[in-house]
């Protein structure tokens, strides 16, 4: 091995170490922000302000979980989407009043990995759509099913379906902040997003390149 090759390898190791440290600091900083926000949440009395505050907290937690999974992956560059979404769904459903108690939520995911550039928008999309689903009334024996598949090597599909009563009368997806954010994130991923409210419940299907 010549000196030039050794120098390149040393430079690569130093960059990898710097990246690990940066990701570790980002993870810790997000956890600190979450802790501070939770401390302040009890002081908010206005219901609408509190709901908006808690939605913001959920979004930050989605970011923190992604960084933690990245840090724990051992690769420093890849996140296993199935494990990430499973924990994210558990956290989100517990944050919505009554969510985890009255709805059976199931996540089925193939082993697909990718970087933060996909994991973060994907997690935020799931967070927004799951929150919208949980916010609306459910019948007895209600459920939400989330699946992540890879039908082709370069294509990933996300399906979120429920057997709820559907979106309420007057619900305007073009005015709902959660839907607007989900659609913007889907566009960022180059994904197509289709909503079906026919029949029993609602299903939202995303197809995206990876």
Would you confirm whether any residue within region 143-155 is surrounded by 14 or more Cβ atoms within 10 Å (Cβ to Cβ), modelled with pLDDT of 85 or more, closer than 19 Å to residue 209 by Cα and touching a helix residue (DSSP H, G or I) at 6+ places or on another chain (Cβ under 9 Å)? yes
Identify all residues within region 173-203 that are at pLDDT below 90, in a loop (DSSP other than H, G, I, E, B) and under 20 Å from residue 124 (Cα atoms); write none if there are none. 173, 174, 175, 176
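The values are calculated or read from the model by the stated rules, or taken from the named source; none is laboratory data. Everything numeric here is computed off the predicted structure, so don't read it as measured data. With ideal geometry, Cβ positions are generated from the backbone for all residues, glycine too; neighbour counts draw on all protein chains shown.
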